[in-house]
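Below is one structure; the comments refer to it alone.
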Amino acid sequence: MLLILAIHWNAQAELFKLPTANRALFEKGGEEKFFAGTVGKTWITGTFGCVRTDGWQIHEGLDIRCLQRDRRGEPTDPVMATADGTVVYINSRPSLSNYGNYIVLRHQIEGMEIYSLYAHLRNVSAGLKAGQTVKAGEVIAIMGRTSNTREVISKERAHVHYELDLVVNDHFAEWFARTLPGERNDHGEWNGQNLNGIDPRLILLQQQSEGTNFSLVRYLQSEPELCRVLVRGTNFPWLKRYAPLVERNPTAEKEGVAGYEIALDFNGVAIKLIPRATLEIKGKDKFTLLSVNEQEQKKNPARRLVVKKGARWELTSRGLNLLGLLTY
Ligand SMILES: [Zn+2]
(Lines give C-alpha, C1' and ligand atoms only; values in the text may rest on other atoms or scores of the structure.)
Protein backbone atom coordinates (compact mmCIF):
# COMPACT_ATOMS: atom_id res chain seq x y z
CA MET A 1 0.00 0.00 0.00
CA LEU A 2 2.77 2.39 0.93
CA LEU A 3 4.61 1.60 -2.27
CA ILE A 4 1.55 2.29 -4.38
CA LEU A 5 1.01 5.60 -2.64
CA ALA A 6 4.63 6.56 -3.29
CA ILE A 7 4.30 5.83 -7.00
CA HIS A 8 1.04 7.73 -7.19
CA TRP A 9 2.67 10.74 -5.53
CA ASN A 10 5.59 10.65 -7.95
CA ALA A 11 3.39 10.41 -11.02
CA GLN A 12 1.66 13.64 -10.02
CA ALA A 13 4.76 15.58 -9.05
CA GLU A 14 4.67 19.38 -9.24
CA LEU A 15 4.88 20.80 -12.76
CA PHE A 16 7.68 23.27 -12.02
CA LYS A 17 10.59 23.23 -9.58
CA LEU A 18 12.50 26.31 -8.48
CA PRO A 19 15.66 26.64 -10.58
CA THR A 20 18.04 27.17 -7.62
CA ALA A 21 18.22 26.19 -3.95
CA ASN A 22 16.74 29.58 -3.00
CA ARG A 23 13.25 28.76 -1.65
CA ALA A 24 12.53 32.05 0.10
CA LEU A 25 9.70 32.64 -2.41
CA PHE A 26 7.62 30.29 -0.26
CA GLU A 27 8.54 31.95 3.04
CA LYS A 28 6.35 34.60 4.57
CA GLY A 29 8.11 37.93 3.93
CA GLY A 30 10.87 36.11 2.06
CA GLU A 31 10.77 38.40 -0.99
CA GLU A 32 13.91 40.37 -0.04
CA LYS A 33 15.84 37.13 0.20
CA PHE A 34 14.46 35.77 -3.05
CA PHE A 35 14.34 38.64 -5.56
CA ALA A 36 17.30 40.74 -6.69
CA GLY A 37 15.90 44.20 -7.41
CA THR A 38 17.60 46.68 -9.75
CA VAL A 39 20.15 49.15 -8.35
CA GLY A 40 18.58 51.36 -5.69
CA LYS A 41 15.08 49.89 -6.17
CA THR A 42 12.97 47.46 -4.16
CA TRP A 43 12.71 43.69 -4.70
CA ILE A 44 9.58 44.34 -6.80
CA THR A 45 11.86 45.26 -9.73
CA GLY A 46 13.18 41.69 -9.68
CA THR A 47 9.71 40.21 -10.20
CA PHE A 48 7.83 39.58 -13.46
CA GLY A 49 5.76 42.26 -15.15
CA CYS A 50 5.56 46.03 -15.61
CA VAL A 51 7.94 46.62 -12.72
CA ARG A 52 10.59 48.92 -14.20
CA THR A 53 10.74 52.55 -15.32
CA ASP A 54 7.59 53.45 -13.35
CA GLY A 55 5.66 50.55 -14.84
CA TRP A 56 6.52 51.35 -18.48
CA GLN A 57 9.19 48.69 -18.87
CA ILE A 58 8.49 45.01 -18.64
CA HIS A 59 10.73 42.45 -16.95
CA GLU A 60 9.84 39.07 -18.39
CA GLY A 61 11.28 36.83 -15.70
CA LEU A 62 12.30 36.51 -12.06
CA ASP A 63 15.74 37.66 -10.84
CA ILE A 64 16.55 35.07 -8.18
CA ARG A 65 19.25 35.98 -5.66
CA CYS A 66 22.38 33.93 -5.18
CA LEU A 67 22.90 31.93 -1.99
CA GLN A 68 26.53 30.89 -2.25
CA ARG A 69 29.75 32.55 -3.39
CA ASP A 70 33.36 31.70 -3.97
CA ARG A 71 36.27 33.43 -2.23
CA ARG A 72 36.16 36.32 -4.68
CA GLY A 73 32.47 36.83 -4.01
CA GLU A 74 31.33 35.40 -7.32
CA PRO A 75 28.03 33.43 -7.29
CA THR A 76 28.40 29.65 -7.42
CA ASP A 77 24.79 28.46 -7.08
CA PRO A 78 23.95 25.48 -9.29
CA VAL A 79 21.12 26.29 -11.70
CA MET A 80 18.67 23.44 -12.25
CA ALA A 81 16.12 22.48 -14.89
CA THR A 82 12.66 23.59 -13.75
CA ALA A 83 10.98 20.49 -15.26
CA ASP A 84 11.82 17.45 -17.42
CA GLY A 85 12.65 18.71 -20.88
CA THR A 86 14.96 19.08 -23.83
CA VAL A 87 17.71 21.62 -24.37
CA VAL A 88 16.76 23.69 -27.41
CA TYR A 89 19.27 26.54 -27.30
CA ILE A 90 22.47 27.52 -25.57
CA ASN A 91 23.99 30.94 -26.07
CA SER A 92 27.60 30.78 -24.93
CA ARG A 93 28.63 34.08 -26.52
CA PRO A 94 27.66 36.50 -23.73
CA SER A 95 28.61 39.55 -25.80
CA LEU A 96 25.68 38.82 -28.12
CA SER A 97 22.91 39.22 -25.56
CA ASN A 98 21.80 41.21 -22.55
CA TYR A 99 21.00 37.74 -21.19
CA GLY A 100 24.71 36.88 -21.36
CA ASN A 101 25.20 33.11 -21.37
CA TYR A 102 21.75 31.55 -21.42
CA ILE A 103 19.95 28.25 -21.88
CA VAL A 104 16.47 27.54 -23.24
CA LEU A 105 14.69 24.27 -22.41
CA ARG A 106 11.47 22.92 -23.92
CA HIS A 107 8.91 21.11 -21.74
CA GLN A 108 5.70 19.25 -22.51
CA ILE A 109 3.12 20.48 -20.01
CA GLU A 110 -0.54 19.47 -20.29
CA GLY A 111 -0.30 19.14 -24.06
CA MET A 112 1.50 22.48 -24.50
CA GLU A 113 5.11 23.36 -25.31
CA ILE A 114 6.35 25.50 -22.46
CA TYR A 115 9.89 26.87 -22.49
CA SER A 116 12.15 27.87 -19.63
CA LEU A 117 15.09 30.24 -19.87
CA TYR A 118 18.03 30.76 -17.50
CA ALA A 119 20.23 33.81 -18.06
CA HIS A 120 23.42 35.61 -16.92
CA LEU A 121 25.04 32.20 -16.36
CA ARG A 122 28.69 31.94 -15.43
CA ASN A 123 28.98 28.71 -17.38
CA VAL A 124 26.88 25.95 -18.82
CA SER A 125 27.40 22.40 -17.52
CA ALA A 126 30.15 20.64 -19.48
CA GLY A 127 28.83 18.66 -22.41
CA LEU A 128 25.31 20.11 -22.29
CA LYS A 129 24.11 20.44 -25.89
CA ALA A 130 20.98 21.33 -27.81
CA GLY A 131 18.86 18.22 -28.38
CA GLN A 132 19.84 16.63 -25.07
CA THR A 133 17.12 15.70 -22.57
CA VAL A 134 17.31 16.84 -18.95
CA LYS A 135 15.46 15.83 -15.81
CA ALA A 136 13.69 18.22 -13.44
CA GLY A 137 16.21 19.37 -10.84
CA GLU A 138 19.21 18.39 -12.96
CA VAL A 139 22.06 20.91 -12.75
CA ILE A 140 22.48 22.61 -16.13
CA ALA A 141 24.69 25.60 -15.25
CA ILE A 142 26.33 27.75 -12.61
CA MET A 143 24.90 31.15 -11.75
CA GLY A 144 26.90 34.14 -12.96
CA ARG A 145 26.65 37.79 -13.97
CA THR A 146 27.18 37.68 -17.73
CA SER A 147 25.45 40.27 -19.93
CA ASN A 148 26.37 42.58 -22.80
CA THR A 149 24.82 45.67 -21.20
CA ARG A 150 26.94 48.73 -20.49
CA GLU A 151 26.00 48.60 -16.84
CA VAL A 152 27.40 45.35 -15.48
CA ILE A 153 25.54 43.21 -12.93
CA SER A 154 27.33 43.82 -9.62
CA LYS A 155 28.41 40.96 -7.36
CA GLU A 156 25.88 42.23 -4.86
CA ARG A 157 23.02 41.79 -7.38
CA ALA A 158 24.20 38.39 -8.67
CA HIS A 159 21.14 36.39 -9.76
CA VAL A 160 19.74 34.00 -12.29
CA HIS A 161 17.15 35.49 -14.60
CA TYR A 162 14.50 32.77 -14.91
CA GLU A 163 11.65 32.79 -17.43
CA LEU A 164 8.73 30.60 -18.38
CA ASP A 165 7.73 31.27 -21.97
CA LEU A 166 5.45 30.36 -24.81
CA VAL A 167 7.00 30.43 -28.28
CA VAL A 168 5.12 32.71 -30.64
CA ASN A 169 6.12 31.48 -34.10
CA ASP A 170 8.50 28.92 -35.67
CA HIS A 171 9.04 31.28 -38.61
CA PHE A 172 10.31 34.06 -36.36
CA ALA A 173 13.67 34.51 -38.13
CA GLU A 174 11.95 34.95 -41.50
CA TRP A 175 9.33 37.29 -40.04
CA PHE A 176 12.05 39.32 -38.30
CA ALA A 177 14.14 39.70 -41.48
CA ARG A 178 11.06 40.85 -43.37
CA THR A 179 9.64 43.14 -40.69
CA LEU A 180 12.86 44.66 -39.38
CA PRO A 181 15.25 44.63 -42.35
CA GLY A 182 18.82 45.43 -41.43
CA GLU A 183 18.39 44.61 -37.75
CA ARG A 184 20.53 41.85 -36.25
CA ASN A 185 19.04 38.62 -34.97
CA ASP A 186 21.83 36.50 -33.53
CA HIS A 187 19.60 33.91 -31.88
CA GLY A 188 17.23 32.73 -34.63
CA GLU A 189 13.96 31.48 -33.20
CA TRP A 190 15.34 31.96 -29.67
CA ASN A 191 15.22 35.73 -29.82
CA GLY A 192 13.52 37.23 -26.75
CA GLN A 193 10.85 38.79 -29.00
CA ASN A 194 9.67 35.29 -29.94
CA LEU A 195 9.51 34.10 -26.32
CA ASN A 196 6.35 35.33 -24.67
CA GLY A 197 6.77 35.27 -20.89
CA ILE A 198 4.29 34.27 -18.22
CA ASP A 199 4.70 34.99 -14.49
CA PRO A 200 6.71 32.19 -12.81
CA ARG A 201 6.08 33.70 -9.37
CA LEU A 202 2.29 33.45 -9.62
CA ILE A 203 2.58 30.00 -11.18
CA LEU A 204 4.93 28.65 -8.49
CA LEU A 205 2.83 30.14 -5.68
CA GLN A 206 -0.44 28.80 -7.09
CA GLN A 207 1.18 25.42 -7.61
CA GLN A 208 2.44 25.51 -4.02
CA SER A 209 -1.06 26.17 -2.69
CA GLU A 210 -2.98 23.82 -5.00
CA GLY A 211 -0.44 20.99 -5.03
CA THR A 212 -1.15 18.34 -7.63
CA ASN A 213 -4.47 19.99 -8.52
CA PHE A 214 -2.60 22.85 -10.14
CA SER A 215 -3.20 23.17 -13.88
CA LEU A 216 -1.21 25.50 -16.11
CA VAL A 217 -3.97 25.58 -18.74
CA ARG A 218 -6.44 26.65 -16.07
CA TYR A 219 -3.97 29.21 -14.72
CA LEU A 220 -3.51 30.76 -18.18
CA GLN A 221 -7.19 30.83 -18.98
CA SER A 222 -8.03 32.53 -15.70
CA GLU A 223 -5.46 35.30 -16.16
CA PRO A 224 -6.88 38.83 -16.51
CA GLU A 225 -7.45 39.73 -20.17
CA LEU A 226 -5.97 42.93 -21.55
CA CYS A 227 -7.98 42.87 -24.76
CA ARG A 228 -9.77 40.75 -27.32
CA VAL A 229 -8.93 40.80 -30.98
CA LEU A 230 -10.26 39.11 -34.08
CA VAL A 231 -7.68 37.77 -36.50
CA ARG A 232 -8.45 36.54 -40.01
CA GLY A 233 -5.74 33.85 -39.90
CA THR A 234 -6.82 30.22 -39.55
CA ASN A 235 -3.51 28.41 -39.78
CA PHE A 236 -0.71 29.56 -37.48
CA PRO A 237 1.62 27.57 -35.19
CA TRP A 238 0.11 28.75 -31.88
CA LEU A 239 -3.13 26.86 -32.66
CA LYS A 240 -1.26 23.56 -32.64
CA ARG A 241 1.40 24.26 -30.04
CA TYR A 242 -1.16 25.61 -27.57
CA ALA A 243 -4.19 23.59 -28.68
CA PRO A 244 -5.54 23.27 -25.09
CA LEU A 245 -6.09 27.06 -25.12
CA VAL A 246 -8.37 26.82 -28.17
CA GLU A 247 -12.03 26.67 -27.20
CA ARG A 248 -14.83 24.94 -29.10
CA ASN A 249 -17.48 26.74 -31.09
CA PRO A 250 -20.17 24.56 -32.72
CA THR A 251 -21.13 27.32 -35.20
CA ALA A 252 -17.59 27.56 -36.56
CA GLU A 253 -17.27 23.79 -36.52
CA LYS A 254 -20.38 23.55 -38.68
CA GLU A 255 -19.84 26.56 -40.97
CA GLY A 256 -16.07 26.48 -41.26
CA VAL A 257 -13.51 28.55 -39.38
CA ALA A 258 -12.84 31.99 -40.91
CA GLY A 259 -10.78 33.47 -38.08
CA TYR A 260 -10.11 33.46 -34.36
CA GLU A 261 -11.22 35.66 -31.52
CA ILE A 262 -8.18 35.87 -29.25
CA ALA A 263 -7.87 37.04 -25.65
CA LEU A 264 -4.45 38.51 -24.87
CA ASP A 265 -2.96 39.03 -21.44
CA PHE A 266 -1.01 42.23 -20.73
CA ASN A 267 2.17 40.67 -22.10
CA GLY A 268 0.47 39.73 -25.36
CA VAL A 269 0.16 36.01 -24.58
CA ALA A 270 -2.81 34.49 -26.43
CA ILE A 271 -4.55 32.85 -23.46
CA LYS A 272 -7.84 31.96 -25.14
CA LEU A 273 -8.65 31.37 -28.80
CA ILE A 274 -12.20 30.96 -30.07
CA PRO A 275 -12.77 29.84 -33.68
CA ARG A 276 -15.24 32.09 -35.52
CA ALA A 277 -17.34 31.46 -38.63
CA THR A 278 -17.69 34.11 -41.39
CA LEU A 279 -21.19 35.00 -40.19
CA GLU A 280 -19.77 35.76 -36.73
CA ILE A 281 -17.15 38.20 -38.04
CA LYS A 282 -17.83 41.88 -38.69
CA GLY A 283 -15.64 43.91 -41.03
CA LYS A 284 -12.87 42.88 -43.35
CA ASP A 285 -9.72 43.90 -41.49
CA LYS A 286 -6.96 41.38 -40.93
CA PHE A 287 -6.90 42.34 -37.24
CA THR A 288 -9.80 43.91 -35.37
CA LEU A 289 -9.73 45.11 -31.78
CA LEU A 290 -12.95 43.86 -30.16
CA SER A 291 -12.59 45.03 -26.56
CA VAL A 292 -10.15 46.45 -24.03
CA ASN A 293 -10.03 45.87 -20.28
CA GLU A 294 -9.17 49.46 -19.31
CA GLN A 295 -8.37 48.55 -15.73
CA GLU A 296 -5.82 45.96 -16.83
CA GLN A 297 -4.25 48.34 -19.36
CA LYS A 298 -3.91 50.97 -16.63
CA LYS A 299 -2.36 48.45 -14.26
CA ASN A 300 0.02 46.83 -16.76
CA PRO A 301 0.69 49.21 -19.66
CA ALA A 302 4.32 48.42 -20.57
CA ARG A 303 3.75 46.41 -23.74
CA ARG A 304 1.77 49.32 -25.23
CA LEU A 305 -0.39 46.97 -27.29
CA VAL A 306 -3.44 49.24 -27.31
CA VAL A 307 -3.94 52.99 -27.03
CA LYS A 308 -6.94 55.23 -26.47
CA LYS A 309 -7.44 57.88 -29.18
CA GLY A 310 -10.24 60.17 -28.01
CA ALA A 311 -12.99 57.80 -26.92
CA ARG A 312 -11.78 54.89 -29.07
CA TRP A 313 -9.28 52.18 -28.33
CA GLU A 314 -6.92 51.12 -31.12
CA LEU A 315 -4.21 48.55 -31.63
CA THR A 316 -0.79 50.25 -31.65
CA SER A 317 1.95 49.39 -34.13
CA ARG A 318 3.39 47.16 -31.40
CA GLY A 319 0.04 45.43 -31.01
CA LEU A 320 -0.23 44.94 -34.78
CA ASN A 321 3.36 43.66 -34.87
CA LEU A 322 2.62 41.11 -32.18
CA LEU A 323 -0.48 39.87 -34.04
CA GLY A 324 1.51 39.86 -37.29
CA LEU A 325 4.11 37.56 -35.73
CA LEU A 326 1.50 35.40 -33.99
CA THR A 327 -0.37 34.72 -37.24
CA TYR A 328 2.64 34.74 -39.62
ZN1 LIG B 1 16.09 39.71 -15.07
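The values are calculated or read from the model by the stated rules, or taken from the named source; none is laboratory data. The structure presented is a predicted model; accordingly, all values stated were derived computationally and were not measured. Please note: Cβ atoms are built from the backbone with ideal geometry, for glycine as well, and neighbour counts cover all protein chains shown. Heads up: the accessible areas ignore ligands, DNA and RNA and are worked out on the full protein's heavy atoms, side chains in. Shrake-Rupley method; radii C 1.70, N 1.55, O 1.52, S 1.80 Å.
Listed by chain and number, the lysines whose alpha-carbon sits under 23 Å from that of LYS33, ignoring those within fewer than 8 places in the same chain, are LYS17, LYS41, LYS155.
Find out how many positive minus negative residues lie around TRP175, taking Lys and Arg as positive, Asp and Glu as negative, among other residues whose Cβ is under 13 Å from that of TRP175.
On the way: positive: ARG178; negative: ASP170, GLU174, GLU183, GLU189.
That works out to -3.
Once you have a ≥ b ≥ c as the square roots of the Cα gyration tensor eigenvalues for the chain, tell me rounded if a/c is under 1.5, and otherwise prolate or oblate according to whether a/b is larger than b/c. Please report the intermediate quantities before stating the final value.
Working: a/c = 1.71, a/b = 1.41, b/c = 1.22.
Note, shape of the chain comes out prolate.
In square angstrom, what is the accessible area per residue of the chain with a 1.4 angstrom probe? Each step should come with its number before you reach the end.
Details: 16350 Å² over 328 residues.
Here the residues of the chain average 50 Å² of exposed surface.
For region 128-135, 3J(HN,Hα) computed residue by residue from phi via the Karplus equation (6.51, -1.76, 1.60; θ = phi - 60°) reads 5, 9, 4, x, 6, 8, 10, 9 Hz, glycine and proline entered as x.
Computed about the Cα centre, the dipole magnitude for the chain is approximately 640 debye when only Lys and Arg (+1) and Asp and Glu (-1) carry charge, each at its Cβ. Placing pseudo-labels 7 Å out from each Cα toward the beta carbon at ARG178 and LEU320 gives an inter-label distance of 1.6 nm. Among PRO275, PRO250, PRO301, the residue with the largest mean-square fluctuation in a Gaussian network model of the chain, with springs joining Cα atoms closer than 10 Å, is PRO250. Any chance you could look up the accessible area of TYR260 with a 1.4 Å probe, heavy atoms only, rounded to 10 Å²? Here the residue's solvent-accessible area equals roughly 20 Å².
Inter-label distance, GLU255 to GLU27: 5.8 nm, where each label sits 7 Å from its Cα along the C-beta direction.
Taking the 1.4 Å solvent-accessible surface of region 85-131 as the whole, the part contributed by carbon and sulfur is 46%.
Going from most exposed to least, what order do ASP170, ASP54, ASP165 have by accessible area with a 1.4 Å probe? Please report the intermediate quantities before stating the final value.
Working: ASP170 65, ASP54 150, ASP165 0 Å².
So, going from the largest accessible area down, we get ASP54, ASP170, ASP165.
The shape of region 35-79 can be summarised by an equivalent ellipsoid whose semi-axes, obtained from the alpha carbon gyration tensor, come to 25, 11, 7 Å from longest to shortest. In region 222-290, the portion of solvent-accessible area held by carbon and sulfur atoms comes to 50 percent [1.4 Å probe, whole percent, DNA, RNA and ligands not counted].
Taking the Cα centre of region 38-84 as origin, work out the dipole magnitude from +1 charges on Lys and Arg Cβ and -1 charges on Asp and Glu Cβ, in debye rounded to 20. Write out the running numbers ahead of the final one.
Values: 6 positive and 7 negative charges, 56 e Å.
For region 38-84, the charge dipole is close to 260 debye.
Taking label positions 7 Å along the Cα-Cβ direction at both THR86 and LYS298, the computed distance is 4.6 nm, reported to one decimal.
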